[in-house]
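The values are calculated or read from the model by the stated rules, or taken from the named source; none is laboratory data. The structure displayed is predicted, hence computed values, not measured ones. All Cβ positions, glycine included, derive from the backbone under ideal geometry; neighbour counts span all protein chains shown. The protein model used for the area step is the full one, side chains on, heavy atoms only, and it has no ligands, DNA or RNA in it. Shrake-Rupley method; radii C 1.70, N 1.55, O 1.52, S 1.80 Å.
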Amino acid sequence: MQAIARRSEGRLHYGWVVVGITFLALLAAAGVRATPSVLIVPLEQSFGWTRGTISVAIAVNIFLYGLMGPFAAALMQRIGIRRTVMLALGLMAATIAASTFISAPWQLMLTWGVLIGLGSGTVALVLGATIVSRWFTARRGLVMGILTASTATGQLVFLPMLASVAESAGWKPVAWIAAGVAAAMVPLVALFMRDDPRDVGLRPYGDDGASTAAAQSQANPAVVALSVLARASRSRDFWLLFASFFVCGLSTNGLIGTHLIAACFDQGIPEVRAASLLAMMGIFDLIGTTLSGWLSDRYDSRWLLFWYYGLRGISLVFLPYSGFTFYGLTLFAVFYGLDWIATVPPTVRLIGDNFGKQDTPVIFGWVLAGHQMGAAVAAFGAGTLRTELGSYLEAFVIAGIACILTAIMVLWIGRAKPLGLRGRQQAAAGA
């Protein structure tokens, strides 16, 4: 492998191969993460469970998905990226297969809530941030945009097919397909993933020779994650980033990603058609997020976030008043899709600018935890509002207003003097 990588240095840097494998791993995890949105109605029909009950398990899944981020980043520093990803994919595959035998809500909570949440949270965007910080010096925004777009691509690839299977054969075949996808990625990661460019005799892409290899940490991953949090939490910028990503998760994974299919079903739209709508959004998100990565290399990330959150808020307020017509939903899918997770590349860029390369993956993990806390609140809250009020109207309007307020808030990131942790470290070094 090292010889192959060296021979390819003049043509294709091996970092791009690692990006490809990471994209596929994130895509598989995104498919697993998207599966519960397809299962809500079939589980409701099969077991008689309310959407509120099912939403609790999904909320736990989403919460743990986010909470695992900083600990996963620290675990990658301890045992390596490849081993960490293989363990997580194996856990997901085994748990999803076991979930086909559930018959009670607590079993749904244990499998799709706790264990799959832990596994999918390890193979998440914090993995992308770690790959970017280790393998690339140039084109970081573009690469992060590509890896972030894997979530949209996962929807595009899996949701219509899974919805069709659920409609024709029930929910269990859907679970077996998701388990097979996760299991199939394990040997690919084992063969092609590498922890650091120096493992194959290369420097990071675009490196001028000044950078050093990422040292393997001997510290306890939990201690590393918590110590980085303790340092970052003294910065106002960290809390602004955390709060903005809380709203990001609330308005994406937790609301649209979890409940859009069920909301369309309430309006008489079949699940397969609703899943196709999410897939269409995935196409436009693939474009929007990759473009966002390119833009974040060139323009002020704060203003990018201002426009992303503001436009997202407007689209969410528009949705319940669209009448769920073909044209209204198509307009929403295009408009919202371009914006779905375009927030990630500029957010990662702001973290790197404010906190430095070494701590970026772990700090992004904590910010991502805020994202998934917001998503968990929306997954549970929207399901509860639907159960109590019989409509998703209030959930869409609340999320839209939160996005508009966040658009204003993000303009204050980086305005404190000195600028975050990095500013304090630079000031100390110059003293």
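Couple of notes before you dig in:
- Annotation: of all residues in segment 199-230 being at pLDDT 75 or above and not in a helix (DSSP H, G or I), the one that is farthest from Leu75 (Cα to Cα) is Gly206.
- Single residue of segment 78-87 satisfying the filter (open to solvent by less than 10 Å² (accessible area, probe 1.4 Å) and in a helix (DSSP H, G or I)) that is modelled with the lowest pLDDT: Ile81
- The single condition among (1) in a helix (DSSP H, G or I); (2) within 22 Å of Ala138 (Cα to Cα); (3) modelled with pLDDT under 85 that Thr347 does not satisfy is (3).
- Single residue of segment 350-370 satisfying the filter (modelled with pLDDT of 85 or more and open to solvent by less than 10 Å² (accessible area, probe 1.4 Å)) that is nearest to Trp294 (Cα to Cα): Ile351
- Enumeration of residues in segment 1-38 that are open to solvent by 50 Å² or more (accessible area, probe 1.4 Å), aliphatic (A, V, I, L, M), at pLDDT below 85 and part of a helix (DSSP H, G or I): Ala3, Ile4
- Members of segment 189-198 that are assigned to a helix (DSSP H, G or I), out of contact with any Gly (no Cβ under 8 Å at 6 or more places or on another chain) and surrounded by 17 or more Cβ atoms within 10 Å (Cβ to Cβ): Val189
- Qualifying residue in segment 263-274 (condition: on the phi < 0 side of the Ramachandran plot and in contact with a Pro (Cβ under 7 Å, 6 or more places away or on another chain)): yes
- Test result for Ala263, surrounded by 22 or more Cβ atoms within 10 Å (Cβ to Cβ) and at pLDDT below 85: no
- Criterion (of a type in the set (S, T, N, Q), buried (at least 24 other Cβ atoms within 10 Å of the Cβ) and at pLDDT 85 or above) met by exactly one of Thr384, Thr406: Thr406
- Pair list, Cβ under 6 Å, 6 or more apart: segment 333-358 residue farther than 17 Å from Trp303 by Cα and of a type in the set (Val, Ile, Thr), other residue surrounded by fewer than 24 Cβ atoms within 10 Å (Cβ to Cβ) and modelled with pLDDT of 80 or more: Val334/Phe284
- Among the numbered conditions (1) part of a helix (DSSP H, G or I); (2) out of contact with any Leu (no Cβ under 7 Å at 6 or more places or on another chain); (3) not small (Gly, Ala, Ser), the only one that Trp340 does not meet is (1).
- Residue tally, condition closer than 24 Å to Ala407 by Cα, open to solvent by 50 Å² or more (accessible area, probe 1.4 Å) and not in a loop (DSSP other than H, G, I, E, B), over segment 284-330: 13
- Within segment 24-65, if we keep just the residues that are among the charged types (D, E, K, R) and in contact (Cβ under 8 Å) with a residue 60 or more places away in the chain, the residue that is nearest to Phe245 (Cα to Cα) turns out to be Arg33.
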